[in-house]
Amino acid sequence: MSLSLSQVSLSYPDGDAGRVHAVDQVSLHVPAGTVTALTGPSGCGKSSVLAVAGTLIQPDSGVVSIDGVDVGELREAQRAQVRRDQIGFVFQNDNLLPDLTVIEQLLLVAHLRGQRPARHRAEAHDLLDRVGLGGQADKLPRQLSGGMRQRVNIARALMGPRSVLLIDEPTSALDQARGRDIVELIVGLCHERDLAALLVTHDLATLNVGGAGGVDALVHMLDGRLEQDALVS
Ligand code: ADP
Ligand code: MG
């Protein structure tokens, strides 16, 4: 259970003739049970790396492997299945549905996978307990704070067996103390559940690199390229 990118490049069309090279020959390996943080200035290509890692966009070249499977070799329907069943996504905005309660947000994931939500109720309650929202299962998103909503978002991303977690700027709407708590929660969950996680943030202070509850590795990106990859664990 791991995530690997090998020499991945991605460009977007830009104007009539040009292209923006958003990701340029990026290679990274995220072993199971670890969190790699990807940092860098706005526009350097972080979200594009996540989109490629999450099979949302096919790269121009290079290989993305999830649990050892080259996802570029799969048919689109199989890729969609990998996305739905193996990858958890957490974005900056919590994307919670306003009219569903907290527990329903989690059960919807099971429903979308064609599973019977009732069978997953216990799992959903366990996850909510784990993220510190045990008493909030019947609340609506508008009744929760920003930090709590982001915890719901994380719990939802972990429903069902997951091997990869992709997280984009989860703390940018939170103050620093809450941001640190969220990073610590993500790291704890990934270590416990043997998930390979790639965490994009420009907020270095929340990462607690090398500290207890901090991320395992830190990679810096600039202009589409990885600048350094310092393994800190
Ligand atoms: P970051 O997440 O680090 O801010 P992005 O991956 O969003 O960076 O963007 C990297 C580069 O690719 C930027 O120059 C951005 O303008 C460009 N870009 C991102 N998405 C698109 C798109 N859908 N179409 C065209 N250009 C894009
Ligand atoms: Mg981004």
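The values are calculated or read from the model by the stated rules, or taken from the named source; none is laboratory data. This structure is a prediction, so every number in the text was calculated from the model and none was measured. FYI the Cβ positions are ideal-geometry reconstructions off the backbone, even for glycines, and counts take in every protein chain you see. For accessibility, only protein heavy atoms count, side chains too; no ligands or nucleic acids. Shrake-Rupley method; radii C 1.70, N 1.55, O 1.52, S 1.80 Å.
Taking R0 as 22 Å, what FRET efficiency do you get between Glu76 and Ser6 from their Cβ-Cβ distance, rounded to the nearest 0.05?
Numbers: r = 21 Å, r/R0 = 0.95.
Result of the calculation: an efficiency of 0.55.
Out of the total accessible area of region 1-92 (probe 1.4 Å, heavy atoms of protein only), what percent is carbon and sulfur? Each step should come with its number before you reach the end.
Working: 2120 of 4270 Å².
Taking all protein chains in place, region 1-92 shows 50 percent carbon and sulfur surface.
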Exercise for the section: Determine the percent antiparallel among the DSSP beta bridges restricted to the chain, to the nearest 5. Expected result: 55
Completion exercise
Measuring from the longest principal axis of the C-alpha atoms of the chain, the long axis of helix 176-193 (C-alpha) lies at a number of degrees, nearest 10, equal to 90
Practice task
Quick one: grab the alpha carbon gyration tensor of region 5-80, order the square roots of its eigenvalues as a ≥ b ≥ c, and give me rounded if a/c is under 1.5, else prolate or oblate depending on whether a/b is larger than b/c.
Solution key: oblate
Problem - Shape of region 73-126, Cα gyration tensor, a/c cut at 1.5 - result: oblate
Practice task
For region 103-210, give the percent of accessible area contributed by carbon and sulfur heavy atoms, probe 1.4 Å, rounded to a whole number.
Solution key: 47
Exercise for the section: With +1 on each Lys and Arg Cβ and -1 on each Asp and Glu Cβ, and nothing else charged, work out how big the dipole of region 98-160 is about its Cα centre, in Debye to the nearest 20. Expected result: 120
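Computed over the Cα atoms of region 98-160, what is the convex hull's projected area averaged over all directions, in nm²? Don't jump to the answer; show the numbers that get you there.
Values: hull surface 15.0 nm².
That works out to 3.7 nm², a quarter of the Cα hull's surface.
For region 98-160, report the accessible area per residue in Å² (1.4 Å probe, heavy atoms, rounded to an integer). Show your work: numbers first, answer last.
On the way: 3040 Å² over 63 residues.
Roughly 48 Å² per residue, with all protein chains present.
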Exercise for the section: Compare the Cα positions of Ala77, Leu108, Leu28 along the charge dipole of the chain (+1 at Cβ of Lys, Arg; -1 at Cβ of Asp, Glu; about the Cα centre) and return the one farthest towards the positive end. Expected result: Leu108
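Charges only on Cβ, +1 for Lys and Arg, -1 for Asp and Glu: so what's the dipole of the chain about the Cα centre, in debye to the nearest 20?
Dipole magnitude for the chain comes out near 760 debye.
What does the charge count around Glu192 come to, taking other residues whose C-beta lies under 15 Å from its C-beta (Lys +1, Arg +1, Asp -1, Glu -1)? Kindly include the intermediate steps, with their values, before the conclusion.
Details: positive: Arg130, Arg162, Arg193; negative: Glu123, Asp126, Asp129, Glu184, Asp194, Asp216.
Cβ neighbours under 15 Å give a net charge of -3.
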Practice task
Taking each pair of different alpha-carbon atoms in the chain once, compute 1/r for the pair, average those values, and report the inverse of that mean as the Kirkwood hydrodynamic radius in Å to one decimal.
Solution key: 18.1
Fill in the blank from the handout: Sorting His120, Ala157, Gly147 by the position of each Cα along the dipole of region 98-160 (Lys, Arg +1; Asp, Glu -1; all at Cβ), the one nearest the positive end of that ordering is Ala157
